[in-house]
1. Pop a pseudo-label 7 angstrom from the Cα along the beta-carbon direction at both N228 and V370 and give the gap in nm to one decimal.
2. Order the peptides 207-217, 351-361 from the highest to the lowest mean number of other Cβ atoms within 10 Å of their residues.
3. Which FRET efficiency, nearest 0.05, do A127 and F106 yield, Cβ-Cβ r, R0 25 Å?
4. Which FRET efficiency value, to the nearest 0.05, do you get for N345 and K47 by plugging their Cβ-Cβ distance into 1/(1 + (r/R0)^6) with R0 = 25 Å?
5. Order 22-33, 219-230 from most to least packed using the mean count of other Cβ atoms within 10 Å.
6. By average Cβ neighbour count within 10 Å, what is the ranking of 301-312, 130-141 from highest down?
7. For F180, list long-range residues whose amide hydrogen, built 1.01 Å from N in the peptide plane, is under 5 Å from its own amide hydrogen.
8. Can you tell me the length gained on complete extension of the stretch K184 to K253, counting 0.36 nm per residue apart and subtracting the Cα distance?
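None of the figures in this text is laboratory data; all of them are computed from the coordinates on show. All values reported here derive from a predicted model rather than from experimental measurement. Don't worry about glycine lacking a Cβ; one is built from the backbone with ideal geometry, like all the others, and counts go over all protein chains shown.
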Amino acid sequence: MLPLDIIKLASRSFRNNRLRTFLTVLGINVGIGAIFFLVSLGYGVQKVVLEQIATSDSLLSLDVISENNPGGIVTSEDLESLQGVDGIARISPVILQKNTIRGNGFTSEAKVSIIDPDFFKLEGINAYKGEFFGEGEMENIVVTTAVLNLLRIDENDFLGKEIEISVVGAKENVNDTDNFVERKYKIGGLIESTSQSNIYVPNSSVTDLGFTHFSKLKVKVKNDGEINPVRNTLIEKGYFVSAISDTVEQTRKVFVVIRRTLLSFGFLALAVSAIGMFNTMTIALLERTQEIAIMKSLGASPADIWSLFLAESVLIGFLGGLMGVISGYGLSELVNFGIKLLARNFGGVEVDLFFVPLWFVAFVIIFSTVIGLVTGFYPSKRAAKLKPLEALRYK
């Protein structure tokens, strides 16, 4: 029997038992749809979280502080000595202060970071509104939304608003608070954060203060392969080193566990569907016993009968998987739309909570087809072994 004939006969049985076939495909659809929905949720949440904490440049950056100086302070001599370390592409010094700020008629305190423009990429920070300052800019600063709330500045009208900052102008120690210098800046960019009152000031605007001590260094390596060698070299030189890539890796491990947990719930639904499919194929065998006898009497071989029943099972698995992907995708889009609608109405951030790689879509359909193959194997084998005479007598 030709493969095309087997497929035609298998599909004909679908038409003869439409309701039963539909319910069986629906059962597989529910199981596969549940797997698709839950796993895409796991991948989507992971994608959202990682986008918030890391960029491509931040994954190549190291935070460096001194283990020998009080408070981890890094000196200009340390900065010069690290310039010649192999594998380092860029070093960006950071000065952290907690200073008084004034603006819009209000006075408050905020954490001030004196940085180079490339700090934002190395730290994995994205602009919410406006733009980050560039190389050589001296007037514009970047603030968080929490700073706007402190100074009662409207988020829709923050560009160009003037803020006065009491910068600690110490030349020997960044922790020395005896020498304050008042500087005026304009807000040029905004970072979304209601919990942290941070202000980012360009380093070029305070070069006249002659800072020689820094709170930490942001070190960018040339490529992924240089992260561990550079880290080990810096540790040997007496520095404490941390990396965002460590946090990202730990986060990925956590989400692997979460996805596997979600996947297990989907497999429970699929297991129930597979049992129903096995039952369907067994009933089909009993109902078509005499038909099998007639086919064998007309010359059909056991291999033909085996292939026929197996083709039916595989088609059911394939159709169930295809429908499961479609229904799972549709459900995820519906839930995603609802979440975005809530975020839009309540002033939240719109995010896509569902994401699934293309390889997983192919894997789900293939897996569903394999389930159909496995569950149909025993009924197909049993049908192939039926003897024509005994089968004709079966009632």
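1. Each label point is offset 7 Å from its Cα along the Cβ direction, giving 3.1 nm.
2. 207-217, 351-361
3. Step by step, r from the Cβ atoms, then E = 0.55.
4. The value I calculate is 0.60.
5. Details: 22-33: 22.7, 219-230: 16.8.
The packing order, highest mean first, is 22-33, 219-230.
6. Answer by packing, highest mean first, reads 301-312, 130-141.
7. The list, which skips near neighbours in sequence, is G169.
8. 20.3 nm
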